[in-house]
Amino acid sequence: MTTTNKQKHTIADRFKSLEQEYSLFDIRIDSVPIWERIRFHIYRQIKQQNGTGQAHTGVDNDWRDYIRGGGLFLKNLFINNPYLADQSDVLYLGHHRRKKQEDGHWWDLYCDPIHEACDHEYVQFERPYLLDHYRPARTSNLRYLDLIEYGGTLQRLLGLHEPEIPQEARSQLVAAGSAMEDQFDADVDLLSQATEALHVRRTTLPLYRRLLERVDPELAVIVVSYGNETFIEACKRQNVRIAELQHGVINENHLGYSYSGSRTKEMFPDYLLTFGEFWTDVVEFPIPDDQIIPVGYPYLEQFANTYDNVETKNQLLFISQGLIGEQLSKFAVAVDQSPDIDHNIVYKLHPGEYDRWRTEYPWLAETEITVIDSSEPALYRLFSESSGQVGVYSTAVYEGLQFDLKTYLYDCPGEETLQPLLDNGTAILVSSVDQLVSALKNHTTQFDREQYFSPNATSRMCDTLSDLKSK
């Protein structure tokens, strides 16, 4: 294990040690185990302030954003109003960050392939992304949650339903926050985040319950569980079963899923539908093993062969991601300038970097590197025309292996996320241009597709959802 890996695991281990030392899982306010609602966000803040994790373009919450949010609230009264949805067997809470496909529509990559293939009545709900929604959406029966999101925001701005934190819990959160600031040299405020999470719960839980009463689903399917605890609570109160679709890499340091030892999470889905067998035992989940079901990744299955006729080039595809964009882009420039590498270099930005790369990575604009800063060309087209890929911790690296790409992980904060690929020889860790030159000459790909991505994903998914719906 590299020094970098040890450092990253130390952050996770120290965090887990502190949450145990201060008994954070035992804190209940209004009968709510509050730590499970803020744990992932606190850990992500610490990782970002220590130079790891993932950074996205966000909303500033200034007066302009509140005005735009108010506009979405009013528009949602007339357009895609969630409370005008029909009753449906399955309710989806989809992924708000869509991708534009070659058909000109914006797809929810996790839900739309299921809608296309499975024969069940559904309605899908979507939160705004950066105070907007992508249109035209592929999803045919789509409703927006702006009324709930900004209805809750309006109540909080007016000071309605403010929670009170008991002194004992207040002292516990302040003490734990101070310890974390000392340990990680990070600015975190557990008390304010706990207060905000409780306030969000109080202002939105009744709205979600009313929505569920309207739709009356047999099953709720969500793409991301962490951050959706209030919706999950509403489902549990209405006796609606919940299944989560895996949407990315899961490992022991992903605190949205990893609950080892005595740690647990009450507001977790009843079922987790994973990409494949590999993912079912990578961490201790807060639900029984028989409720973790490998089904596959329908989008990957349905679209991986779309570009079979695309000619493969002598091309290296760099997959950028969050906070490591600066290091990875500089490495890409060094690779492009190397006389020993004759590959065409393509740099695929993460969507969160699209609007800021020219400012933050100006050196990229000064080269002949092809920078992809939009949803086109499609990622799978880029995979099909490339011979190798370089990444750090993106889920896309696993997808790229489906295209037989020689795979290299750049040694900078975060690459331990894909450590299994290094352990089994599928990928090679490189920290310099010389190492990459050597690896390009000697590396061959060996990837057990079916272990990571179960075959017959679409039919498996349809059958599994049908079974869960009828249980």
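Which one of the conditions (1) closer than 28 Å to THR10 by Cα; (2) buried (at least 22 other Cβ atoms within 10 Å of the Cβ) does ALA220 fail to meet, given that it meets all the rest?
Condition (1) is where ALA220 drops out.
What residue, among those in region 1-51 that are modelled with pLDDT of 90 or more and among the hydroxyl-bearing types (Ser, Thr, Tyr), is surrounded by the fewest Cβ atoms within 10 Å (Cβ to Cβ)?
SER31
In region 149-166, is there at least one residue being in a helix (DSSP H, G or I) and among the polar types (S, T, N, Q)?
The answer is yes, given that some residue of region 149-166 is in a helix (DSSP H, G or I) and among the polar types (S, T, N, Q).
Can you name every residue in region 314-344 that is assigned to a strand (DSSP E or B) and surrounded by 21 or more Cβ atoms within 10 Å (Cβ to Cβ)?
Listed by number, the residues that qualify are LEU316, LEU317, PHE318, ILE319.
Inside region 361-392, can you point out the residues that are over 24 Å from the mean Cα position of the chain (by Cα) and acidic (Asp, Glu)?
Matches in region 361-392: GLU366, GLU368, GLU385.
I'd like the residue in region 142-178 that is acidic (Asp, Glu) and either outside the structural domain of LEU198 (by TED's automatic domain parsing) or closer than 18 Å to THR230 by Cβ (or both) and, out of all such residues, is surrounded by the most Cβ atoms within 10 Å (Cβ to Cβ).
This residue is ASP146.
Filter region 307-331 down to residues that are within 17 Å of LEU379 (Cβ to Cβ), out of contact with any Cys (no Cβ under 8 Å at 6 or more places or on another chain) and of a type in the set (A, V, I, L, M, F, W, C), then give me how many there are.
Counting residues in region 307-331 that are within 17 Å of LEU379 (Cβ to Cβ), out of contact with any Cys (no Cβ under 8 Å at 6 or more places or on another chain) and of a type in the set (A, V, I, L, M, F, W, C) gives 5.
Quick check on my filter: what residues within region 96-112 are in contact with a strand residue (DSSP E or B) (Cβ under 8 Å, 6 or more places away or on another chain) and either at positive phi or not hydroxyl-bearing (Ser, Thr, Tyr) (or both)?
Within region 96-112, HIS96, ARG98, LYS99, LYS100, GLN101, HIS105, TRP106, TRP107, ASP108, LEU109, CYS111 qualify.
Please pick out the residue among GLU376, GLU311, GLU360 that is surrounded by fewer than 22 Cβ atoms within 10 Å (Cβ to Cβ) and over 30 Å from GLN48 (Cβ atoms).
Of GLU376, GLU311, GLU360, the one residue that is surrounded by fewer than 22 Cβ atoms within 10 Å (Cβ to Cβ) and over 30 Å from GLN48 (Cβ atoms) is GLU311.
The values are calculated or read from the model by the stated rules, or taken from the named source; none is laboratory data. If you're wondering where the values come from, they're calculated on a predicted model, not measured in any experiment. We place every Cβ from the backbone using ideal geometry, glycine too, and count neighbours over all the protein chains shown.
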